[in-house]
1. Could you look at region 49-123 and say what percent of its accessible area is carbon and sulfur, using a 1.4 Å probe and all protein chains?
2. Where does region 53-103 land on Rg(C-alpha)/(2.2 N^0.38 Å)?
Amino acid sequence: MIRRLITAAAGGAAVLTPLTAVCPAAQAHAAATARPKACNTASAPEQLHTTDAVHLRAGRGTRYRSLAVLAKSTNFYAQCWGVTGKGIWWVYGDVVSGRYAGFPHGRRGWVNSDRVATGYRHR
């Protein structure tokens, strides 16, 4: 299921035109909530959950530092998708349940798409 969503996301490209040039407050907010440049937003956002314990990383790939280890069944709100040079898909978003969830947004980072499935888990 995730592979189909990712394939659909790769087929279309979303162009976002921020209006941050006109307002300094908007610039600060955009910097704090900005998606990574390598994000494909065609099929995002998506409600996901982890299917196993997985590292939340600072970038797409295991060479990036681990920000946290998410437990199995942690809910994750995907904002966009990205692929490495080796063809491995990663999903960027917010942790919305468990130890690393927070208000208004949980900890953000990248998760390997092989370790997530669609839908939230209610624990």
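The values are calculated or read from the model by the stated rules, or taken from the named source; none is laboratory data. If you're wondering where the values come from, they're calculated on a predicted model, not measured in any experiment. SASA here: full protein model, heavy atoms, side chains in, ligands and nucleic acids out. Shrake-Rupley method; radii C 1.70, N 1.55, O 1.52, S 1.80 Å.
1. Numbers: 1900 of 3980 Å².
Using a 1.4 Å probe with all protein chains present, region 49-123 comes out at 48 percent carbon and sulfur.
2. Numbers: Rg = 11.1 Å, N = 51, 2.2 N^0.38 = 9.8 Å.
In units of the globular-protein estimate, region 53-103 measures up at 1.13.
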